[in-house]
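What follows is a short report on a single structure.
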Amino acid sequence: MKKLLMAAAAVALTAVTAVSMVACSTGEPVKIVEVDLTDEEYAFILPKGSELEDEINGYIAQLKSEEGLNGVTINELFEAEANGTAENIGNVLTELPAGVNESNRDDYFVVATNAEFEPFEYYQGQYFAGIDMHIAQLFAQALDRTLVIRHMEFDAVIPSVSGTSYSDSDDPDAKPVQPDSTQADIGMAGLTVTERRAKAVTFSDSYYNAAQRVAVLEKDAALFDGCTTRAEVVEVMKTLTGEIAGAATGQTGYTYLAGDPTMGPDFAGYADVFSEIKQYSSIGQAVQDLSLGRLKVVVGDKFTLAAAVNGVNG
């Protein structure tokens, strides 16, 4: 698959000094182990049988082309986030207006997101910002629809799109998340393509090659000295018996720690290593607790994790 990021953009994103995802910590500095633990693809999600599937995939192809969608390319969006020139998307509706019914519902493009995943979706003040949010605006313009962006917990995004209850867990006691009254046209929330999710929703063509990384306290970084491969990082992780790990609820970093064999050999998990794998509503909150010494490691998307670490380290 064609890589979406040019080399310069990838380097810049790795070093980006992002807008803080959490307030500056009074704890200890945090460091990321610069080794990719996984290979994933991000895509958008649509309801099963969505009439928008072909159009959305066509728009993604345009974004990945040199001409772009409405003159905007995916690389330009990543570069703007990397160099700090990205702007928010301004005023948008956050709920469907009262009185919308079957006769005019198609006048609106409803997006389900969790705006706590910089640089893909986040808030700049009261406004939505991030790569996915700009793409959502471009999609709405191309469809000639009014954009509605609904912020929700990450694990509510899939049922909001599917219109059915959903759980991302193999645990038979896990309580499925129920859909609310507004079914979204699309989910845009840094979603990794997985077989389980594909049973509930339709994935668009992928638009980003993702990877998970691990963050530790700077004083613990020596544990990973000399690690240059994911296998070497895994071996160190397996020595952390009895420690507490953390990740964001529903995100791939949590799945990496908890384990999910359906996602491949990189997702064997560490359930038999860590005494607890804590879940947080955002990766920023997990990194905050890491800085305060409440966790040994945090796992998350490498660019979102970098933004959270920059926020905590100040």
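Select, from 204, 162, the only residue that is in contact with a Phe, Trp or Tyr (Cβ under 8 Å, 6 or more places away or on another chain), polar (S, T, N, Q) and crowded, with 22+ Cβ neighbours inside 10 Å. Talk me through it step by step, then tell me what you get.
Values: 162 fails: in contact with a Phe, Trp or Tyr (Cβ under 8 Å, 6 or more places away or on another chain).
Of the residues listed, the single one that is in contact with a Phe, Trp or Tyr (Cβ under 8 Å, 6 or more places away or on another chain), polar (S, T, N, Q) and crowded, with 22+ Cβ neighbours inside 10 Å is 204.
Are any of the residues in region 89-97 of a type in the set (Ser, Thr, Tyr), within 20 Å of residue 304 (Cα to Cα) and in the same structural domain as residue 55 (by TED's automatic domain parsing)?
no
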Of the numbered conditions (1) touching a helix residue (DSSP H, G or I) at 6+ places or on another chain (Cβ under 6 Å); (2) within 17 Å of residue 298 (Cβ to Cβ), residue 189 satisfies every one except a single condition; which is it? (2)
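Go through 142, 112 for me and flag whichever is buried (at least 16 other Cβ atoms within 10 Å of the Cβ), touching a helix residue (DSSP H, G or I) at 6+ places or on another chain (Cβ under 6 Å) and more than 13 Å from residue 184 (Cβ to Cβ). Before the answer, list the steps.
Details: 112 fails: more than 13 Å from residue 184 (Cβ to Cβ).
Matching residue, one of 142, 112: 142.
Could you count how many residues in region 259-314 are part of a helix (DSSP H, G or I) and more than 19 Å from residue 34 (Cβ to Cβ)? Full working, then the answer.
Of region 259-314, the ones part of a helix (DSSP H, G or I) are 261-263, 265-267, 283-291, 302-313.
Now restrict to residues that are more than 19 Å from residue 34 (Cβ to Cβ): 261-263, 265, 267, 284-285, 288-289.
Adding up the residues that qualify gives 9.
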Report, by residue number, each residue of region 233-254 that is part of a helix (DSSP H, G or I) and over 17 Å from residue 215 (Cβ atoms). 235
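Run down 210, 221, 215 and say which single residue is surrounded by fewer than 18 Cβ atoms within 10 Å (Cβ to Cβ) and either of a type in the set (Val, Ile, Thr) or in contact (Cβ under 8 Å) with a residue 24 or more places away in the chain (or both).
Details: 210 fails: surrounded by fewer than 18 Cβ atoms within 10 Å (Cβ to Cβ); 215 fails: surrounded by fewer than 18 Cβ atoms within 10 Å (Cβ to Cβ).
Just a single option satisfies the conditions, and that option is 221.
The values are calculated or read from the model by the stated rules, or taken from the named source; none is laboratory data. Because the structure is a prediction, the values reported are computed rather than measured. Please note: Cβ atoms are built from the backbone with ideal geometry, for glycine as well, and neighbour counts cover all protein chains shown.
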